[in-house]
Amino acid sequence: MPLRLDIVTPERLAFSDEVDEVICPGIEGQLGILPHHAPLLTQLGVGELRVKRGGTEESFAIFGGFLQVRPDKVVVMAETADLAAEIDLETAEEARREAQRALEAGYVETADLAAARAALQRALLHIQIARRHREGPRHRG
């Protein structure tokens, strides 16, 4: 019996389909959700959300939000959710360089420093997920 998964952001419905398993970044570690999971509402961290279905796996870069497990479906409400296959590695690398330059510039304002750190974290996650997606599945022996 598959799970219904909806991944929503303030801008769009990023994903909606039946899945076999959801693995997402909680604030205290990875969470695995299988059919018949107990009801749950928890905060999400920053990281990779993986969706398994029919022997395939898709990944999203997730930046904060909430996870709700209900009897009939799983809902991920994220600040952003970027599908690995759609992440442009060159754009992510440029974003990393820009964020690092901003941090090296030595901002005085705390808000500017926090924004630069968040931009760097987002760029690094995009790079990690995009590279893993391009490498393909790893085989374990």
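Computed from the coordinates by the stated procedures, all read-outs in this text should not be read as laboratory data. Note that the coordinates shown come from a computational prediction; the quantities given were computed from them, not determined experimentally. Glycine gets a Cβ as well: all are built from the backbone with ideal geometry, and neighbour counts include every protein chain shown.
Kindly identify the stretch 18-94 as rounded, prolate or oblate by the Cα gyration tensor criterion: order the square roots of the eigenvalues as a ≥ b ≥ c, call it rounded if a/c is under 1.5, otherwise compare a/b with b/c, prolate if a/b is larger, else oblate. The partial results should precede the final answer.
On the way: a/c = 2.47, a/b = 1.49, b/c = 1.66.
Oblate, because a/c is 1.5 or more while a/b does not exceed b/c.
How long are the three semi-axes of the equivalent ellipsoid for the chain, computed from the Cα gyration tensor as the root of 5 times each eigenvalue, in whole Å, largest first? Please report the intermediate quantities before stating the final value.
Details: eigenvalues 172, 68, 28 Å².
Value: 29, 18, 12 Å, ordered largest first.
Using a simple charge model, +1 on the beta-carbon of Lys and Arg, -1 on the beta-carbon of Asp and Glu, nothing else, what dipole does the chain show about its Cα centre, in debye to the nearest 20?
Working: 17 positive and 23 negative charges, 87 e Å.
Charge dipole, the chain, about its Cα centre: 420 debye, nearest 20.
Rounded to the nearest 0.05, what FRET efficiency do THR42 and ALA105 have when you use their Cβ-Cβ distance and R0 = 30 Å? Can you show the working numbers first?
Numbers: r = 36 Å, r/R0 = 1.21.
In this case the efficiency is close to 0.25.
Test of the criteria: in the stretch 7-84, which GluC sites (Glu not before Pro) are in a DSSP loop and have at most 13 other Cβ atoms within 10 angstrom of their Cβ? Don't skip to the end; give the middle numbers.
Details: sites: GLU11, GLU18, GLU21, GLU28, GLU48, GLU57, GLU58, GLU79; in loops: GLU11, GLU28.
When the GluC sites (Glu not before Pro) of the stretch 7-84 are filtered for loop state and at most 13 Cβ neighbours within 10 Å, GLU11, GLU28 remain.
Based on the Cβ-Cβ distance of ARG4 and GLU93, what FRET efficiency does E = 1/(1 + (r/R0)^6) give at R0 = 35 Å, to the nearest 0.05?
0.45
Rounded, prolate or oblate: which fits the stretch 1-46 when a ≥ b ≥ c are the square roots of the eigenvalues of the alpha-carbon gyration tensor, with rounded for a/c under 1.5 and prolate only if a/b beats b/c?
Oblate, since a/c reaches 1.5 and b/c is not below a/b.
With an 8 Å Cα cut-off and a minimum separation of 6 or more residues, compute the relative contact order for the stretch 4-60 in percent.
For the stretch 4-60, the relative contact order is 29 percent.
Note the angle between two axes, namely the Cα long axis of helix 110-135 and the longest principal axis of the Cα atoms of the chain, as a number of degrees from 0 to 90, rounded to the nearest 10.
50
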